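Worksheet for the structure shown next.
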Amino acid sequence: MYFNGAVNSMGSGIGAVLISPDRCYYPVAAKIDFLCTNNVAEYEACILGLQAAIDFKVKELEVFGDSMLTIFQTLGQWKTKDAKLVPYHEYLEKLTENFEDISFTYTPRMTNQFADALATLASMVSITRENLIEPLKIEIAEGPAHCNSIEASEAKPWYEDIKNLLRTGQYPPFADRRDRKTLRRLVIHYFLSGEILYRRSFNSTLLRCIDEHKSRRLMEEVHGGNCGPHMNGLMLAKKIMRLGYYWSTMETDCVKHCYQQRIARAFNARVRHRDFNPSDLVLRKVLHVTPDSRGKFSYKYDGPFVVKEVFSGGAVVLSDMDGTENALPVNADAVKKYYP
């Protein structure tokens, strides 16, 4: 069981999470409708979780909380001197008699986020006595919701109506008089050979019509070839037409593709590649949490340090010159190589 209490300007709330041996989560939360301190809220949260465990007929329970006062007073390591907490402490010890085996362990706040979120939500929500709130069922998603979705677009290609008119001579079901006139004017420039649709260019060359996915792959291949990065969108469109391909939004797509590639090259040119190896000497950037009295003359880097481990995501683990390893990794952009 994890418990936590929250007291803020919006109110007070408590929350607890019961976790079964088969990893099923049972959250409980309550809003405190009276003024209380943080320590009282922590006791209320622990009592709420114990009462829920008793209702579930739990006999063996491990209790975890980030309140050192509540945990150590329950273990008997600290004395309960506050008169407001003495009744809570006595009632909590009375509840522990309902369990055959129960233990209390202090845990940092980082590992108690679920209960902390429940308590914070309960303190901020506005609940009236007439409202009936149904219990929530929280499930754990093992994978993304879109894992079974089809990546390919199910929409028809842009030339589907033209191709169908040349093949069968039939118009789309919901085409009005104006749409039919437009289709008759368009099909003059197209030629159907089997299942492949071609467009007649101004010099009578047949250009094969392709869909959106093929056009995107074709732009990447042509623009990534020789002299590709130096051409603009219109030159890219003309080069694709010389290869014998066509789609309706060719010029617009080529201009947009070239613009995105140009922006990407400008951004990538400013990125400095940092490659570190174990045992390299580096300096770590100093992040001043409080203003330094020396102002601009304060140290910008600290060190040197020794690189102990390098991760693929761009983080490194550093150690002092005497071999003492730092507890937390550091981003690679916050260090630079040191040359003695």
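Summary of computed values
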{"item": "Residue list for segment 8-24, restricted to those being assigned to a strand (DSSP E or B) and modelled with pLDDT of 85 or more", "result": "Gly13, Ile14, Gly15, Ala16, Val17, Leu18, Ile19"}
{"item": "Criterion (surrounded by 11 or more Cβ atoms within 10 Å (Cβ to Cβ), in contact with a strand residue (DSSP E or B) (Cβ under 9 Å, 6 or more places away or on another chain) and part of a helix (DSSP H, G or I)) met by exactly one of Leu236, Leu218", "result": "Leu218"}
{"item": "Failed item in (1) modelled with pLDDT under 75; (2) of a type outside the set (Ser, Thr, Tyr); (3) touching a Gly at 6+ places or on another chain (Cβ under 6 Å), with Arg129 passing the rest", "result": "(3)"}
{"item": "Selection within segment 28-64 - in contact with a Leu (Cβ under 8 Å, 6 or more places away or on another chain), surrounded by 20 or more Cβ atoms within 10 Å (Cβ to Cβ) and assigned to a helix (DSSP H, G or I)", "result": "Val40, Glu42, Tyr43, Cys46, Gly49, Leu50, Ala53"}
{"item": "Identity of the residue in segment 65-118, small (Gly, Ala, Ser) and not in a helix (DSSP H, G or I), that ends up farthest from Gly5 (Cα to Cα)", "result": "Gly76"}
{"item": "Any pair with Cβ under 6 angstrom, 6 or more apart, that starts in segment 231-254 at a residue that is under 18 Å from Tyr190 (Cβ atoms) and ends at one that is part of a helix (DSSP H, G or I) and of a type in the set (Val, Ile, Thr)", "result": "Ile240/Val222"}
{"item": "Among the candidates Leu48, Leu95, residue that is under 18 Å from Leu121 (Cα atoms) and without any contact (Cβ under 8 Å) to a residue 60 or more places away in the chain", "result": "Leu48"}
{"item": "Which listed residue is in the same structural domain as Val17 (by TED's automatic domain parsing) and touching a helix residue (DSSP H, G or I) at 6+ places or on another chain (Cβ under 6 Å), from Leu75, Leu69", "result": "Leu69"}
{"item": "Condition met for Asp161 (in contact with a Pro (Cβ under 7 Å, 6 or more places away or on another chain) and surrounded by 13 or more Cβ atoms within 10 Å (Cβ to Cβ))", "result": "yes"}
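Every residue, every condition in (1) within 17 Å of Pro157 (Cα to Cα); (2) small (Gly, Ala, Ser), yes or no:
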site: Tyr171; (1), (2): yes, no
site: Ile196; (1), (2): yes, no
site: Asn232; (1), (2): no, no
site: Leu236; (1), (2): no, no
site: Trp247; (1), (2): yes, no
site: Cys258; (1), (2): no, no
site: Arg262; (1), (2): no, no
site: Ala266; (1), (2): no, yes
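The values are calculated or read from the model by the stated rules, or taken from the named source; none is laboratory data. This is a predicted model, so every value here is computed, not measured. All Cβ positions, glycine included, derive from the backbone under ideal geometry; neighbour counts span all protein chains shown.
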